[in-house]
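Since the structure comes first, as structure tokens, the remarks are kept for the end.
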Amino acid sequence: MKKTIKNVGMAMGLLLLIGQFTSCDQKSETAIKSETVIVNDVIEEEAPLLLKARKPVVFITGLDKGNSLFYRNARNYFTEKGHQIIEDQYSIEEIIHWMNANATKNPYGEVHIVNISNPYKGMNLETVVQGEKITAETLRKNITQGTLPTLENVVTSNSKIIFHSYGIGQNMELMKTLKDTFVAEEVPNVIASSYATVFGGKFSNHYLAKPFYICYPTANSPGKMDLSKEIKKKYSEEREIDWFKALKNYEERYIGEAYTTQFNIPIEWTFDYHNTDEARPNFTSQEEVMDWIDQQEDLVVELEKLKIPVDKFRWQWKVKNSLLILKGKTTVLCVLKPLIKPYGDLKHIKPDTNNKRLYAIK
């Protein structure tokens, strides 16, 4: 009997011991699960909240001159799309200040910058207020000197700074410098087409065109026939354009037809001979002016930057006391060949900023 009681006591003790171990294991498991929940809670709380981008903003950065309707047509196009239109900002400095001052909790999605340009003089947009016009060199100088404001944390890596102009996308050095200009905590994409941007066309409100250029001294045109022969020789690889008809045509009469626009490029140089032993030249003809320019190394370099020969300018000169003032002006004819779809119905190719064949993206 004693032996039986002893065995029962041992059995009960063993069960209690097992129960304690089991309870311990359950507590441990519960603790582990509880810890996992806490860790998961922390991860969820620290996950970044993706904010929706605000609606597109469009900077109209110039005024139409003469017969040009570039800015008016661009304004109409983007207004119809419901984009926010910003005017009276004529420099990169003002654009960045505006973006910083008008920031919201939602980052900028698309920022469109509309500006006329040409391959000879660059953009018609100022670096800083009343400063030099934008080129890769002038913009880099202002970045280095710290005269441009810094873009605040108002964009993301998905934001787009889109330039609508003529052929900026071909200038990789300028594209790189523009990207450096808009650097923020997150760097946005800088986008521009290597083609000419056209607004307000007869068949499309917005399309791209391939540009071809030829120059002549202003008010001294050799005539459409001679100019068509010259531009045909310059762009011998282009076989689809009837150059003579294109130079006589000033609008797209049917989809894809080449037509001509024009603009002038002026030059003015002033030389002071007051405190110099060098004799001031006395010109009697434009030929003498051109011969003299060819002997001035710094002037030759300046013309080489423009990539326009000296004989393509009409030269005028004026003497005032000790000053010699030289003025040159060339007229540039720009033949535009609209980009059309290579198949299906005759339509302009859509200006898709994600298409790397149409737009350079930095």
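Are there any pairs, at least 6 apart or on different chains, whose C-beta atoms fall under 7 Å, with the first in the stretch 242-255 and touching a residue at least 60 places away in the same chain (Cβ under 8 Å) and under 16 Å from residue 200 (Cβ atoms) and the second among the hydrophobic types (A, V, I, L, M, F, W, C) and surrounded by fewer than 15 Cβ atoms within 10 Å (Cβ to Cβ), and if so, which?
Close Cβ pairs (under 7 Å, with a partner that is among the hydrophobic types (A, V, I, L, M, F, W, C) and surrounded by fewer than 15 Cβ atoms within 10 Å (Cβ to Cβ)) amount to 255/346.
Give the stretch 301-360 a look and list any residue that's of a type in the set (Lys, Arg) and farther than 18 Å from residue 119 by Cβ, or say none. Quick ask: steps written out before the conclusion?
If we filter the stretch 301-360 for residues that are of a type in the set (Lys, Arg), which is where we start, we get 305, 307, 312, 314, 318, 320, 327, 329, 337, 341, 347, 350, 356-357.
314, 318, 320, 327, 341, 347, 350, 356, 357, listed by residue number.
Determine whether residue 340 is closer than 27 Å to residue 255 by Cβ and either surrounded by 15 or more Cβ atoms within 10 Å (Cβ to Cβ) or among the aromatic types (Phe, Trp, Tyr) (or both).
Working: closer than 27 Å to residue 255 by Cβ: yes; either surrounded by 15 or more Cβ atoms within 10 Å (Cβ to Cβ) or among the aromatic types (Phe, Trp, Tyr) (or both): yes.
Against the criterion (closer than 27 Å to residue 255 by Cβ and either surrounded by 15 or more Cβ atoms within 10 Å (Cβ to Cβ) or among the aromatic types (Phe, Trp, Tyr) (or both)), residue 340 qualifies.
Looking only at residues that are under 30 Å from the mean Cα position of the chain (by Cα) and not in a loop (DSSP other than H, G, I, E, B) in the stretch 311-333, which one is surrounded by the fewest Cβ atoms within 10 Å (Cβ to Cβ)? Walk me through how you get there before you give the answer.
First pass over the stretch 311-333, keeping only residues under 30 Å from the mean Cα position of the chain (by Cα): 312-313, 328-333.
Those still in the list that are not in a loop (DSSP other than H, G, I, E, B) too: 312, 328-333.
Numbers: 312: 20, 328: 24, 329: 17, 330: 23, 331: 19, 332: 20, 333: 19.
Among them, the one singled out is 329.
Just to verify a result, which residue in the stretch 92-112, among those that are part of a helix (DSSP H, G or I) and without any contact (Cβ under 8 Å) to a residue 60 or more places away in the chain, is surrounded by the fewest Cβ atoms within 10 Å (Cβ to Cβ)? Can you show your working first?
Residues of the stretch 92-112 that are part of a helix (DSSP H, G or I), as a first pass: 92-101.
Filter once more, so that each one left must be without any contact (Cβ under 8 Å) to a residue 60 or more places away in the chain: 93-95, 97-101.
On the way: 93: 20, 94: 19, 95: 23, 97: 16, 98: 16, 99: 23, 100: 15, 101: 9.
Of everything passing the filter in the stretch 92-112, 101 is surrounded by the fewest Cβ atoms within 10 Å (Cβ to Cβ).
Collect the residues in the stretch 267-309 that are touching a Ser or Thr at 6+ places or on another chain (Cβ under 7 Å), surrounded by fewer than 11 Cβ atoms within 10 Å (Cβ to Cβ) and hydroxyl-bearing (Ser, Thr, Tyr), keeping them in residue-number order.
Taking the stretch 267-309 first, the residues touching a Ser or Thr at 6+ places or on another chain (Cβ under 7 Å) are 272-274, 308.
After this cut, where a residue has to be surrounded by fewer than 11 Cβ atoms within 10 Å (Cβ to Cβ) as well, the list is 274.
Hits for the stretch 267-309: nothing passes.
Tell me the residue from 218, 276 that is modelled with pLDDT of 95 or more and among the β-branched types (Val, Ile, Thr), please. Explain how you work it out, then say what you get.
Working: 276 fails: modelled with pLDDT of 95 or more.
Exactly one residue qualifies, and that residue is 218.
The values are calculated or read from the model by the stated rules, or taken from the named source; none is laboratory data. Here the structure is a predicted model, which means the values were calculated and not measured. Every residue, glycine among them, receives a Cβ derived from its backbone with ideal geometry; neighbour counts consider all protein chains shown.
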